[in-house]
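The structure appears right after this line, and notes come after that.
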Amino acid sequence: MSAPRPRYILGIDTSCDDTGVGVVELLLGGGVQVRANRVWSQTVHAQYGGVMPELASREHVERIDAVMGDALADAGLRVEDIGAVATTSGPGLMGALLVGLMYGKGLAQALDVPFYAAHHLEGHIYAAASEAELRAPYLALVVSGGHTHLFDVPREGEYVLVGATRDDAAGEAFDKIARLAGLGYPGGPAISEAATRGNPDAVPFKEPLQGQKGFDFSFSGLKTAALLAHKAGATPEDLAAGFERAAVRVLVKTALRAAQAYGRETVVVSGGVAANRALRKAFAASPVRAVFPGKGLNTDNGAMIALAGAAAIQAGRLPSSLTEGAVAYAPLANPQP
C-alpha cells in the first residue's frame with residue numbers, strides 16, 4: 001500500500017544571498033496553494049556591489065532557524081504538520097547551498113518525511129504555478145542575476161534549452177549598469193525606478209545579436225554602450241531608461257520568435273527580472289499567453305522550491321536520497337544537438 005500523499009510541503013532555498021523558506025499546500029482537487037513565503041534578504045553585500053560567498057553562507061546559518069519559524073507561523077502550522085521537505089541542491093554558491101541542503105535533509109530525517117532535492121531553475125519555473133496551472137507544452141524564460149535561459153517544455157519535467165546568454169545574465173547587466181550610474185544595488189529595482197524619469201531615446205542602444213537564427217541573448221554590448229554614454233555625460237535616468245527598453249525588447253523579441261518556431265502559445269517568465277514592470281507590460285501586449293510568478297515569488301525564495309517539490313509529488317517522482325549533494329553548476333537541460 002502506497003504512502004499517503006503529503007498535504008504540506010516545506011521548501012528551502014539558500015542558493016545565493018536570500019534565505020528563503022516557504023510552505024505550500026496540495027489541495028484535494030489537485031491544485032496547489034502557497035501558505036507562506038518568508039525571505040531574509042541579506043544586506044551585507046551592498047557595500048561590495050555584489051555577493052560575497054563566504055558572508056552569504058554565514059548569514060544563512062544565522063538566519064535559517066528564524067526564517068523557518070516565521071514561515072510556519074505564517075502558515076498556521078507546527079513543524080510536525082510538514083509532510084515533505086524540498087531543498088535547492090543546485091546550481092548556486094556551494095557554501096550557501098550546503099546550509100539549506102543539510103538543514104532540509106536533517107529536518108526531513110527528524111520528521112521521517114520524504115525529501116526532494118530541487119533544481120533552482122525548475123523552482124523558478126514552478127513559481128508561476130502560484131498564479132496559473134502549468135500544463136505542458138510551453139516555453140520558459142528564466143531571467144535573473146545569475147541566469148538567462150530559454151527552455152522549451154514539451155512535457156512535464158522535460159526541459160530543452162533553446163537559448164541562453166552568451167555573456168552576462170540579464171539581472172547581472174542591470175546590476176552593473178546601475179552601479180555604473182550610481183543608482184545603487186540591487187540594480188533591477190533601481191533601474192526600473194530611475195527609468196520612469198529618463199528619456200529612452202537619449203542614449204542609442206543597438207539591439208544585440210541582430211539577424212541570429214537561434215534564440216541566444218547578449219548583454220555585453222549594452223554594457224559597453226552604457227559605459228560610453230556615461231563617459232559622454234548621459235544622466236543616470238536616461239541611461240536607465242534606454243538600457244531598460246533595449247533589454248526588454250531583446251528578451252521579448254527573442255522569446256516570441258522561439259514561441260513561433262516551437263508552436264507554443266504560453267511563455268512562463270520567471271526570475272528576479274520578471275518583476276520588471278516594463279517587461280510585464282511588453283509581454284502583456286504580445287500575442288502569447290505570458291504567465292508570471294505571484295508577488296514575492298520572482299526573486300529567490302523557498303515557496304518556489306516547495307512548488308517544485310509539489311510538482312514532483314504530483315508527477316509521482318520518487319523522493320531523493322538523503323545522500324544527495326550540492327552542485328554549484330547544474331544544468332537543467334542540454335542544448336539541442
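No value in this document is a laboratory result; all are computed from the given coordinates. Quick caveat: nothing in here was measured; it's all calculated off a predicted structure. With ideal geometry, Cβ positions are generated from the backbone for all residues, glycine too; neighbour counts draw on all protein chains shown.
Assorted remarks:
- Estimated from helices alone, the mean residue ellipticity of the chain at 222 nm is -12500 deg cm²/dmol (sum of -39500 (n - 2.57) over DSSP H runs with n ≥ 4, per residue).
- Comparing Cα centroids, the range 277-337 and the range 45-103 end up 17 angstrom apart.
- Distance from the range 159-193 to the range 234-263 (C-alpha centre basis), Å: 12 Å
- Pair-distance distribution of the range 135-291: all C-alpha pairs, bin width 10 Å, starting at 0; shares per bin in whole percent are 12, 43, 32, 12, 2, 0.
- Over the range 30-140: Kirkwood hydrodynamic radius from C-alpha pairwise inverse distances, Å: 15.7 Å
- Cα-Cα over 21 Å, subset of K176/K231; K206/K231; K176/K295; K176/K206: K176/K295
- Average Cα contact separation per residue, the chain, under 8 Å, 6 or more apart, as relative contact order %: 25 percent
- If R0 is 25 Å, the Cβ-Cβ spacing of R166 and A315 corresponds to a FRET efficiency of close to 0.15.
- Using distinct alpha-carbon pairs, which all enter the 1/r mean, Kirkwood radius of the range 239-299 in Å: 12.0 Å
- The simple spin-label model puts a point 7 Å past each Cα toward its Cβ; for Q260 and Q210 those points are separated by 1.7 nm.
- For the chain, the C-alpha radius of gyration sits at 0.99 times the compact-globule guess of 2.2 N^0.38 Å, with N the residue count.
- Percent antiparallel among DSSP beta bridges (both partners in the range 135-291, rounded to 5): 55 percent
- The range 135-291 - percent relative contact order, Cα under 8 Å, separation 6 or more: 27 percent
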